[in-house]
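Below is one structure, written out as structure tokens; the observations come after it.
The values are calculated or read from the model by the stated rules, or taken from the named source; none is laboratory data. Predicted, not measured: the structure shown is a model, and the values here were computed from it. Here the Cβ is made from the backbone with ideal geometry for all residues, glycine too, and neighbour counts use every protein chain on show. Surface accessibility is based on the protein's heavy atoms, side chains included, excluding ligands, DNA and RNA. Shrake-Rupley method; radii C 1.70, N 1.55, O 1.52, S 1.80 Å.
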Amino acid sequence: MAAPLIEDHALLSDQRTTALVTREGDIDWLCLPRFDSDALFCSLLGTEEHGHWSLRIADGEVLSRRYLPGTMVLETTWRSPTGTATVTEFMPVAGGDASTPEAESSDSALPGTGPADQYEDGDQDGRPERR
């Protein structure tokens with residue numbers, strides 16, 4: 001499979017660092033704790049062995065992806081054989097001199113669609129694993 005183009009990535013930021021997220025839910029680029037720090041995930045510049053983090057629905061396909069109006073909150077809607085789910089991702093802006101950036105992800109099954117409870121790279125309870 002060909003690597004995603006740079007224009008196919010979404011940007012998450014907390015004003016200290018950024019993450020680049022593919023349509024399929026991979027964080028391909030992330031420097032911590034600041035923009036000028038070493039890259040934690042950098043498969044954008046190399047191969048999967050250079051590190052990325054994934055959150056995706058097993059056997060799912062992306063129906064839509066958008067930023068919530070007026071925000072840098074990314075919302076991705078997935079469909080799988082067992083239902084439809086929305087994944088919401090953002091990096092909260094820390095107050096004061098907080099030195100530990102965070103990336104937040106949450107998911108929810110959409111009403112009337114049944115469970116979407118199987119995640120690649122994670123347990124059935126949805127806890128992702130770094131790979």
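Entry remark, the range 73-94: residues being open to solvent by 30 Å² or more (accessible area, probe 1.4 Å), farther than 24 Å from ARG34 by Cα and in contact with a Pro (Cβ under 9 Å, 6 or more places away or on another chain) number 1 in total. As for the range 22-41, it holds at least one residue that is among the aromatic types (Phe, Trp, Tyr), open to solvent by 30 Å² or more (accessible area, probe 1.4 Å) and not in a strand (DSSP E or B).
Which residues, counting only those in the range 45-72, are open to solvent by 30 Å² or more (accessible area, probe 1.4 Å) and farther than 19 Å from PRO4 by Cβ? Residues satisfying the conditions are ASP59, LEU68, PRO69, GLY70, THR71, MET72.
Residue-by-condition table, conditions (1) modelled with pLDDT of 90 or more; (2) of a type in the set (S, T, N, Q):
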| site | (1), (2) |
| --- | --- |
| LEU55 | no, no |
| ALA58 | no, no |
| SER64 | yes, yes |
| PRO69 | yes, no |
| THR77 | yes, yes |
| THR88 | yes, yes |
| VAL93 | no, no |
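Which residues, counting only those in the range 5-21, are open to solvent by 40 Å² or more (accessible area, probe 1.4 Å) and within 14 Å of the chain's Cα centre (by Cα)? The answer is ASP8, LEU11.
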